[in-house]
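Student: Can you read through this structure? Questions will come right after.
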Amino acid sequence: MAAAVVLLRRLRGVTAAPRRAAAALPLTTSVRGVSDSTEPLTIETSVPYKSHIVDPPPREVATTARELATFFRDMSAMRRAEIAADSLYKAKLIRGFCHLYDGQEAVAVGMEAATTRADAIITAYRDHCAYLARGGDLAALFAELMGRRGGCSRGKGGSMHLYKKDANFYGGHGIVGAQVPLGCGLAFAQRYRKEAAVTFDLYGDGAANQGQLFEALNMAALWKLPVVLVCENNHYGMGTAEWRASKSPAYYKRGDYVPGLKVDGMDVLAVKQACKFAKQHALENGPIILEMDTYRYHGHSMSDPGSTYRTRDEIAGIRQERDPIERVRKLLLAHDFATTQELKDMEKEIRKQVDTAIAKAKESPMPDPSELFTNVYVNDCGLESFGVDRKVVRTVLP
Amino acid sequence: MAAKSLREIRRAAAAGIGSRRCFSGDAAAAAAAAAGVAEGKVGGGAGKEVNLFTAINQALHIALDTDPRSYVFGEDVGFGGVFRCTTGLADRFGRNRVFNTPLCEQGIAGFAVGLAAMGNRAIAEIQFADYIFPAFDQIVNEAAKFRYRSGNEFNCGGLTIRSPYGAVGHGGHYHSQSPEAFFCHVPGLKHLRTLIPWDKETVEASVSKTGKLLVSHEAPITGGFGAEIAASITERCFQRLEAPVARVCGLDTPFPLVYETFYMPTKNKVLDAIKATVNY
């Protein structure tokens, strides 16, 4: 009975999740001079949407100067955080497996702009920026990466296992494609509770070839679940180019009976528009696939230099022509919403905040050794484990 | 990456599941030593000591060289694999026999069963043993019982699934596990001369001499292969044992991100267990 009460309270808590705060990241940056105007403004997406058995949304995206500045700030913070994570990994302060998101920031930020925190997000292991986009704390991120007590998973998960329940961020999963059916389960629960919310279920182009994805697609379509399947196509499944691994790299079409949309995942406004459209579609009609055409600058993980299966010229070319942050920088400058110097100042401020977060994370202690044995089960299961000195350190699993 | 994985591979052993024959003395001995259940004759017949990754690489070269119906495939094996075990194979034997697969472990395993059923030697790689679970059904139900349920009409005896397992020092939850015991529980699957069948005679001879036995593996202690060894030796050597069989294994917890050494059967734990056994 007590458990039921707790559960109910939790459910209510979820239902009553606050509407999206204006800013995704808890940063306080506001550089004087950068326009804060909320006057409506229309910008055309970089390329037209491609669609599969659905009419695409219009290319004209409504935005404001304030929103563009927020996008610039959030994406820059993510970029900076990932670059810092790279250094921390090389300094051996981050151990384990670590997958960086730089290059793909527009997907996380654009999606966040189109959703509320009542919508659920679930992703695989390239999850740092999804966590930040959901309002995750920079210091808690770095503490988790370093396996410290102050981490968002109390130092027990690490890079691949970030979670934020109060923002309906369901993490953080280690096996390619395994999170996709889970996302369908989340969506079923949302509909069952009659929440007007959807699940954004993220996977990569590598995972698109996993059998689980097709099982999930069928269930989602069969039961008309409010789920948006987001294929973050960064064109390489680990070290294999998409065309070597996929008969059809048109991932937005691979749902067959599930509608799909191909989106320029380097254009944050295109992502926002597509996610808004997909959310509405999912609520009314059931699942839809969004293929985000994006790019990761880093290798698959920290042990992959990312240069053996693609050319440096390719990476440099994308940076030059499609970088999501540079795109917004150009928009801000072209509309006179900010000056070059103002944006540089903003980046400098972000850098400072990231450094402060890292310093704070470093101060966080290691988890207590007893944490090894907690959370294996909800209750005492009577199993015995022992430490180096078998006579003294002997514990019954809590 | 290369230098690091070289270091890591010495510790991350390869668990071969199912094999018609041992490819080389080196590989078998190295796998045996790494599995930690038998006293492997490191170096084997060749007389030259090589590390495990080199042994595997050489064994794969031999397999592809001596049997034109052998194939090596898996995620990223085309450019050498993440542990570099397949280095040079695609260049030497061509991309028709050494090729990358999509990221689909269940598909890889099932495909391998079919390829082997046509009389070929299918050598499939699952990149980390932690990734093998999506392929569990194909291995346990399709591969292991093909011969039995077809009354010997079909088999996939030419199938080898190779997968590195074990702790690397900082692998965390999904790059560290040792799932060998799951597969040992499946009649029809054979491990590269290390576990099924394990060398009971050698272990028994040693226990007859010393009266003591310590079994160690990285997998959690409960239901681990150490329990099987302890039970078998107790059956065979009950009268000759001078102390209870000791097990120094992984903890019964998920593989942790931090405090890996607390989880692991480290040298101090082994030393402590040896002392307890000797002083029993």
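For every residue, the table says whether it meets (1) at pLDDT 95 or above; (2) in a loop (DSSP other than H, G, I, E, B); (3) out of contact with any Asp or Glu (no Cβ under 9 Å at 6 or more places or on another chain); (4) surrounded by 24 or more Cβ atoms within 10 Å (Cβ to Cβ).
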site: A:Tyr131; (1), (2), (3), (4): yes, no, no, yes
site: A:Ala140; (1), (2), (3), (4): yes, no, yes, no
site: A:Gly157; (1), (2), (3), (4): no, yes, no, no
site: A:Leu162; (1), (2), (3), (4): yes, yes, no, yes
site: A:Asp166; (1), (2), (3), (4): yes, no, yes, no
site: A:Ile175; (1), (2), (3), (4): no, yes, no, no
site: A:Pro181; (1), (2), (3), (4): yes, no, no, no
site: A:Phe188; (1), (2), (3), (4): yes, no, yes, no
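Student: Whether any residue in region A:204-220 is free of Cβ contacts under 8 Å to residues at least 12 places away in the same chain, surrounded by fewer than 24 Cβ atoms within 10 Å (Cβ to Cβ) and polar (S, T, N, Q) is what I want to check.
Tutor: yes
Student: Oh, and also: Which pairs turn up if I take residues in region B:262-277 that are assigned by TED's automatic domain parsing to the domain that holds B:Ala219 and farther than 13 Å from B:His217 by Cβ and look for partners that are assigned to a helix (DSSP H, G or I) and hydrophobic (A, V, I, L, M, F, W, C) with beta carbon separation below 6 Å, at least 6 apart in sequence or on another chain?
Tutor: Close Cβ pairs (under 6 Å, with a partner that is assigned to a helix (DSSP H, G or I) and hydrophobic (A, V, I, L, M, F, W, C)) amount to B:Phe262/A:Leu372.
Student: Which condition does A:Ala85 not pass, out of (1) surrounded by fewer than 24 Cβ atoms within 10 Å (Cβ to Cβ); (2) over 30 Å from A:Ala334 (Cβ atoms), if it passes all the others?
Tutor: (1)
Student: Which residue, of A:Ile53, A:Ile83, A:Ile43, is at positive phi and in contact (Cβ under 8 Å) with a residue 12 or more places away in the chain?
Tutor: Details: A:Ile83 fails: at positive phi; A:Ile43 fails: at positive phi.
Just one listed residue meets the conditions, A:Ile53.
Student: Looking only at region B:213-233, filter to residues that are assigned to a helix (DSSP H, G or I) and not hydrophobic (A, V, I, L, M, F, W, C); which one of those is surrounded by the fewest Cβ atoms within 10 Å (Cβ to Cβ)? Give the steps one after another, and end with the answer.
Tutor: Within region B:213-233, the first condition is being assigned to a helix (DSSP H, G or I), and the residues that meet it are B:225-233.
Now drop any that are not not hydrophobic (A, V, I, L, M, F, W, C), which leaves B:226, B:228, B:232.
On the way: B:Gly226: 26, B:Glu228: 18, B:Ser232: 15.
Restricting to residues being assigned to a helix (DSSP H, G or I) and not hydrophobic (A, V, I, L, M, F, W, C), the top hit is B:Ser232.
Student: Continuing with the same structure: Would you pick out the residues in region B:48-96 that are within 23 Å of A:Pro305 (Cβ to Cβ), assigned to a helix (DSSP H, G or I) and more than 12 Å from chain A (Cβ to nearest Cβ)?
Tutor: So in region B:48-96, the residues within 23 Å of A:Pro305 (Cβ to Cβ) come out as B:51, B:53-54, B:56-57, B:74-91, B:95.
From what is left, the residues that are assigned to a helix (DSSP H, G or I) are B:53-54, B:56-57, B:77-79, B:89-91.
B:Phe53, B:Thr54, B:Ile56, B:Asn57, B:Leu89, B:Ala90, B:Asp91 - these are the residues of region B:48-96 that are within 23 Å of A:Pro305 (Cβ to Cβ), assigned to a helix (DSSP H, G or I) and more than 12 Å from chain A (Cβ to nearest Cβ).
Student: I've got another one for you. Within the set of pairs 6+ apart or on separate chains, which have a first residue in region A:166-178 that is more than 8 Å from chain B (Cβ to nearest Cβ), a second that is crowded, with 22+ Cβ neighbours inside 10 Å and among the acidic types (Asp, Glu), and C-beta atoms under 9 Å apart?
Tutor: A:Asn168/A:Asp119; A:Phe169/A:Asp127; A:Gly171/A:Asp127; A:Gly172/A:Asp127; A:His173/A:Asp127
Student: Turning to a different aspect of this structure: What about A:Gly96, is it modelled with pLDDT of 95 or more and crowded, with 21+ Cβ neighbours inside 10 Å? Reasoning before the result, please.
Tutor: Numbers: modelled with pLDDT of 95 or more: no; crowded, with 21+ Cβ neighbours inside 10 Å: yes.
No, not satisfied.
Each row is one residue, and each column tells you yes or no for (1) of a type in the set (S, T, N, Q); (2) within 10 Å of chain A (Cβ to nearest Cβ); (3) farther than 30 Å from A:Pro365 by Cβ.
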{"residue": "B:Pro187", "(1), (2), (3)": "no, no, yes"}
{"residue": "B:Leu195", "(1), (2), (3)": "no, no, yes"}
{"residue": "B:Ala205", "(1), (2), (3)": "no, no, yes"}
{"residue": "B:Glu218", "(1), (2), (3)": "no, no, no"}
{"residue": "B:Arg247", "(1), (2), (3)": "no, no, yes"}
{"residue": "B:Pro254", "(1), (2), (3)": "no, yes, no"}
{"residue": "B:Asn268", "(1), (2), (3)": "yes, yes, no"}
{"residue": "B:Ile274", "(1), (2), (3)": "no, no, yes"}
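Student: Could you check region A:307-323 and list, in sequence order, the residues that are touching a Phe, Trp or Tyr at 6+ places or on another chain (Cβ under 8 Å) and within 14 Å of chain B (Cβ to nearest Cβ)? Before the answer, list the steps.
Tutor: Initially, region A:307-323 is screened for residues touching a Phe, Trp or Tyr at 6+ places or on another chain (Cβ under 8 Å), giving A:308-310, A:315, A:318-319, A:322.
Of everything in region A:307-323, those that are touching a Phe, Trp or Tyr at 6+ places or on another chain (Cβ under 8 Å) and within 14 Å of chain B (Cβ to nearest Cβ) turn out to be A:Thr308, A:Tyr309, A:Arg310.
The values are calculated or read from the model by the stated rules, or taken from the named source; none is laboratory data. Predicted, not measured: the structure shown is a model, and the values here were computed from it. Here Cβ is always computed from backbone atoms with ideal geometry, including for glycine, and neighbour counts include all displayed protein chains.
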